[in-house]
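Report on one structure; see the data block that follows.
The values are calculated or read from the model by the stated rules, or taken from the named source; none is laboratory data. Note that the coordinates shown come from a computational prediction; the quantities given were computed from them, not determined experimentally. Every residue, glycine as well, gets a Cβ built from its backbone with ideal geometry; the counts of neighbours run over all protein chains shown.
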């Protein structure tokens with residue numbers, strides 16, 4: 001591993017973006033004075049020489065490095081990975097109050113949102129909706145009406161968006177993905193919709209809808225033999241990958257399950273505690289999934305495999321983005337008390353081991369730039385050989401965004 005390998009973790013309680021993006025404060029820059037007495041400077045230098053070096057803040061290191069590599073105009077288009085990374089960046093902003101982070105997020109969004117709230121997108125897929133979280137962030141922080149107007153366009157699109165017979169949102173409206181539910185899809189729309197209910201309105205509806213979406217998708221993706229989730233399900237059973245009896249995809253792809261687990265945790269953050277009817281089924285689901293994925297954690301590295309339930313199979317590999325997702329989801333579920341008491345210690349240990357394992361994939365180069373490696377690029381539904389052949393990238397946004405969400409939970413625990 002190159003210079004600056006990540007190995008350390010601290011515990012510092014922090015506030016977080018919980019049930020809504022309400023109450024976020026704009027960052028205040030702290031300016032250090034230059035009029036310091038020479039004797040005081042000498043004393044500080046002396047103390048610094050003998051002090052224990054503070055652990056690296058891996059979140060700020062990742063954000064700063066990606067911001068240096070890509071400006072808001074070159075980060076990418078209106079995509080779900082950009083939204084994932086910027087959401088992670090916002091979590092870091094909430095802790096650090098570095099105004100540069102919020103300015104970066106705003107500059108990216110303003111490429112797509114007109115002064116009147118117009119946004120040139122038909123929202124024909126769930127993937128296209130994930131960056132709606134950025135709109136909610138900016139409306140909460142700036143109170144500018146254009147971000148609310150743009151977010152409402154996504155909400156209103158769902159009023160006519162196609163569904164399966166039992167009410168699940170299709171992954172996309174295109175013919176190749178019609179009638180399909182993917183584990184990925186719930187993360188693309190449900191956390192946004194749940195937050196929308198708290199920030200803009202319609203809370204009773206958004207709680208009921210997001211809980212229903214997760215329950216329906218879980219039912220169709222569940223592999224009852226091991227408790228894991230298949231990547232996708234096709235109601236029509238017409239897709240080339242679909243089992244002609246069950247409609248399920250053949251494999252449990254690690255990141256699809258990670259998307260689902262994170263979505264469940266995030267939706268629960270936004271459904272009121274008093275709403276037991278919508279919360280209780282989701283708590284059961286996340287508890288079941290924590291039990292299931294912990295069984296397949298690689299004992300040597302603490303990470304998880306590209307196809308979760310084929311550990312060590314020729315061609316399979318340990319993947320960083322899903323390992324970050326599982327680590328976050330398990331840790332958050334334990335913290336919130338969703339995991340049954342008999343399994344909490346084991347789950348907490350698995351999250352700690354997962355965190356250490358992911359940090360082994362983080363490094364700092366000779367120029368001071370931080371990198372995260374072994375990230376599977378964007379992936380469709382397929383068979384085992386397809387998943388095994390997917391390229392692995394360094395600093396892919398799937399991995400950077402997932403890492404930030406995980407690191408803010410594990411390195412800087414918050415209520």
(request) Provide a single number: the residues in region 262-299 that are farther than 23 Å from residue 249 by Cβ, touching a helix residue (DSSP H, G or I) at 6+ places or on another chain (Cβ under 9 Å) and part of a loop (DSSP other than H, G, I, E, B). (result) 5
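Name the single residue, out of those in region 300-309 being touching a helix residue (DSSP H, G or I) at 6+ places or on another chain (Cβ under 7 Å) and part of a loop (DSSP other than H, G, I, E, B), that is surrounded by the most Cβ atoms within 10 Å (Cβ to Cβ). Spell out the reasoning first.
Residues of region 300-309 that are touching a helix residue (DSSP H, G or I) at 6+ places or on another chain (Cβ under 7 Å), as a first pass: 301-308.
Now drop any that are not part of a loop (DSSP other than H, G, I, E, B), which leaves 301-303, 306, 308.
Values: 301: 16, 302: 23, 303: 25, 306: 25, 308: 28.
Filtering region 300-309 for residues that are touching a helix residue (DSSP H, G or I) at 6+ places or on another chain (Cβ under 7 Å) and part of a loop (DSSP other than H, G, I, E, B), the one surrounded by the most Cβ atoms within 10 Å (Cβ to Cβ) comes out as 308.
Every residue, every condition in (1) free of Cβ contacts under 8 Å to residues at least 12 places away in the same chain; (2) more than 19 Å from residue 409 (Cβ to Cβ), yes or no:
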position	(1), (2)
245	yes, yes
248	no, yes
254	no, no
264	no, no
295	no, yes
(message) Restricting to region 384-415, name every residue that is surrounded by fewer than 22 Cβ atoms within 10 Å (Cβ to Cβ) and over 17 Å from the mean Cα position of the chain (by Cα).
(response) 384, 385, 386, 388, 389, 390, 391, 392, 393, 394, 415
(request) Mind listing whichever residues of region 219-236 are in contact (Cβ under 8 Å) with a residue 60 or more places away in the chain and under 18 Å from residue 172 (Cβ atoms)? (result) 231, 232, 235
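Being in a helix (DSSP H, G or I) and touching a strand residue (DSSP E or B) at 6+ places or on another chain (Cβ under 7 Å) is the filter here, so list the residues in region 161-205 that pass it.
Step one: of region 161-205, the residues in a helix (DSSP H, G or I) are 183-199, 203-205.
Hits for region 161-205 are 183, 185, 189.
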(request) Filter region 129-160 for residues that are more than 19 Å from residue 99 (Cβ to Cβ), more than 23 Å from the chain's Cα centre (by Cα) and part of a loop (DSSP other than H, G, I, E, B) and give the result. (result) 159, 160
(request) Can you work out which of the residues in region 324-341 that are touching a residue at least 60 places away in the same chain (Cβ under 8 Å) and either assigned to a loop (DSSP other than H, G, I, E, B) or in contact with a strand residue (DSSP E or B) (Cβ under 7 Å, 6 or more places away or on another chain) (or both) is surrounded by the fewest Cβ atoms within 10 Å (Cβ to Cβ)? (result) 336
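Do the conditions hold for residue 264, that is, is it crowded, with 24+ Cβ neighbours inside 10 Å and modelled with pLDDT of 95 or more?
Values: crowded, with 24+ Cβ neighbours inside 10 Å: yes; modelled with pLDDT of 95 or more: yes.
Spelling it out, residue 264 is indeed crowded, with 24+ Cβ neighbours inside 10 Å and modelled with pLDDT of 95 or more.
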(request) For residue 210, work out the one condition from (1) part of a helix (DSSP H, G or I); (2) free of Cβ contacts under 8 Å to residues at least 60 places away in the same chain; (3) surrounded by 20 or more Cβ atoms within 10 Å (Cβ to Cβ) it doesn't fulfil. (result) (2)
